[in-house]
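What follows is a set of notes on a single structure, which appears directly below.
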Amino acid sequence: MGLLTATRTHAGASLPWLRPALLIVVLTCWVQAADVTIVLTSDAKPYRTAAESATAALKQNGFTAAVQIHGAALPSNTKAILAVGSQAAIDLAEAPQHPPLLYCMVGAPLHAQLLASGKATGVAVEVPIRQQFALISRLQEGQSIGMLYHSESTSSRARFEAARAHLPADWALMAVDLDQSTSVSAAIDDLLRQQPAIIWTAADTAVYDATTVRALLLASLRQHTPVFGFSPAFARAGAIVGLEVTPEDQGRQAASLVIDTLTAKGDAGLPAAPDPVYVYHINTIVANKLRMRIPQDVLDQAAQLIGQRR
């Protein structure tokens, strides 16, 4: 009775017929939905960090965002979806109909597949191979790159093909297939016997785990062969370089894509995917052990020089 009385007092005589339950439904419909629904693959901290960064960037540009874990029903009136992480991006792209789909925090092979499908656009969590090889060419003058890969893994084979496609002119790629080797240590020994100028690694879970990383770094140091790492932890463990792509930057870049999508005029389609923002770390202790003379401009532009103070 109190709710119905309040309804009549607030809404006036034009809505005297509203019952309490019906009023709740009407008021719910009046609530403004968020402009963007951010869907996290899981509650993992990197995904949360990317979502927080995206939410802040969207807010600065006048857009609201709501965050939910993948699996929950999507709001029917959201204007765009931002998927954070591979599984959310895959599943949402396979949905028959949805608002514009953007994503971040996905690996390079999936990124390529999503772009090719035309169903989504976003930013990959891996630095493009052409940029990695460009950095390698600045590090040293050797003209050969070594790598390990699994031919029976789709994603690992895709990275191998991409490495061949983006190899600098006159450079040689020395690749060892782990599926053709008797063991990881045998594959590493085979690779080092070919004497590559540097060993390139990628965030390939089919190839690299803690055991493989440790074995590769120990063997490469014995043979005085530098390793190009795909993470700061890799550099701290003994690689000459370690790349870093942060969840904060991923969230900001994805938010920029969302904003471009929501402010586009007419049927502009999805915006082009940008290269991810990244930094690199140099292990000067390892460089000294290997007697590598890293150019000063490369050192100056590093986010961190492991083993010395700025």
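Of all residues in region 175-209, count the ones that are crowded, with 16+ Cβ neighbours inside 10 Å, out of contact with any Lys or Arg (no Cβ under 7 Å at 6 or more places or on another chain) and not hydrophobic (A, V, I, L, M, F, W, C).
Just the residues of region 175-209 that are crowded, with 16+ Cβ neighbours inside 10 Å, to begin with: 175-178, 181, 184, 187-188, 190-192, 196-204, 206-208.
Narrowing the set further to residues that are out of contact with any Lys or Arg (no Cβ under 7 Å at 6 or more places or on another chain) leaves 175-178, 181, 184, 187-188, 190-192, 196-201, 203, 206-208.
Right, trim to not hydrophobic (A, V, I, L, M, F, W, C) and you get 177, 181, 190, 196, 201, 208.
Total meeting the criteria: 6.
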Response to the item:
GLN253 passes all but one of the listed conditions (1) outside any loop (DSSP other than H, G, I, E, B); (2) under 23 Å from LEU216 (Cβ atoms); (3) not hydroxyl-bearing (Ser, Thr, Tyr); the exception is number (2)
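So, in region 137-155, exactly how many residues are in a helix (DSSP H, G or I) and at pLDDT 95 or above? Steps first, please.
Taking region 137-155 and keeping what is in a helix (DSSP H, G or I), we get 137-139, 154-155.
Subsequent filtering for residues that are at pLDDT 95 or above retains none.
Total meeting the criteria: 0.
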Discussion item. Among the numbered criteria (1) assigned to a helix (DSSP H, G or I); (2) more than 27 Å from LEU257 (Cα to Cα); (3) in contact (Cβ under 8 Å) with a residue 24 or more places away in the chain, which one does ASP190 miss?
Written reply: (3)
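I need the full set of residues from region 193-209 which are over 24 Å from the mean Cα position of the chain (by Cα) and touching a residue at least 60 places away in the same chain (Cβ under 8 Å), in order please. Write out each step before concluding.
As a first pass, look at region 193-209 and keep what is over 24 Å from the mean Cα position of the chain (by Cα): 193-198.
Within region 193-209, ILE198 is the sole residue that qualifies.
Quick grid of which residues meet (1) out of contact with any helix residue (DSSP H, G or I) (no Cβ under 8 Å at 6 or more places or on another chain); (2) within 30 Å of PRO99 (Cα to Cα); (3) not assigned by TED's automatic domain parsing to the domain that holds PRO100:
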| position | (1), (2), (3) |
| --- | --- |
| PHE228 | no, no, yes |
| PHE234 | no, no, yes |
| VAL258 | no, yes, no |
| ALA272 | yes, yes, yes |
| LYS289 | no, no, yes |
| PRO295 | no, no, yes |
| VAL298 | no, no, yes |
| ALA302 | yes, no, yes |
Discussion item. Cβ-Cβ under 7 Å, sequence separation 6+ or interchain: first residue in region 139-155 and in the same structural domain as MET292 (by TED's automatic domain parsing), partner part of a strand (DSSP E or B) and small (Gly, Ala, Ser). Which pairs?
Written reply: GLN143/ALA172; SER144/ALA172; MET147/ALA175; TYR149/ALA175
Practice prompt. Test each condition in (1) in contact with a strand residue (DSSP E or B) (Cβ under 8 Å, 6 or more places away or on another chain); (2) surrounded by fewer than 21 Cβ atoms within 10 Å (Cβ to Cβ); (3) not β-branched (Val, Ile, Thr) for GLY242 and report the one that comes out false.
Written response: (2)
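Only one residue in THR212, THR225 is surrounded by 17 or more Cβ atoms within 10 Å (Cβ to Cβ), outside any helix (DSSP H, G or I) and either among the hydrophobic types (A, V, I, L, M, F, W, C) or touching a residue at least 12 places away in the same chain (Cβ under 8 Å) (or both). Which one? First the steps, then the outcome.
Details: THR212 fails: outside any helix (DSSP H, G or I).
Just one listed residue meets the conditions, THR225.
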Worksheet item: Just for region 136-174: of the residues that are within 24 Å of VAL279 (Cα to Cα) and among the β-branched types (Val, Ile, Thr), which one is surrounded by the fewest Cβ atoms within 10 Å (Cβ to Cβ)?
Response: ILE136
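Take region 30-65 and flag every residue that is more than 21 Å from the chain's Cα centre (by Cα), hydrophobic (A, V, I, L, M, F, W, C) and at pLDDT 95 or above.
Result: PHE63, single match.
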Worksheet item: Does region 68-84 hold any residues that are closer than 18 Å to GLY118 by Cα, free of Cβ contacts under 8 Å to residues at least 60 places away in the same chain and either β-branched (Val, Ile, Thr) or out of contact with any Gly (no Cβ under 8 Å at 6 or more places or on another chain) (or both), and which are they?
Response: ILE81
Worksheet item: Tell me, which residue of region 261-306 that is farther than 24 Å from ALA233 by Cβ and crowded, with 17+ Cβ neighbours inside 10 Å is farthest from the chain's Cα centre (by Cα)?
Response: LEU262
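The values are calculated or read from the model by the stated rules, or taken from the named source; none is laboratory data. This is a predicted model, so every value here is computed, not measured. All Cβ positions, even for glycine, are placed from backbone atoms using ideal geometry, and neighbour counts span all protein chains on display.
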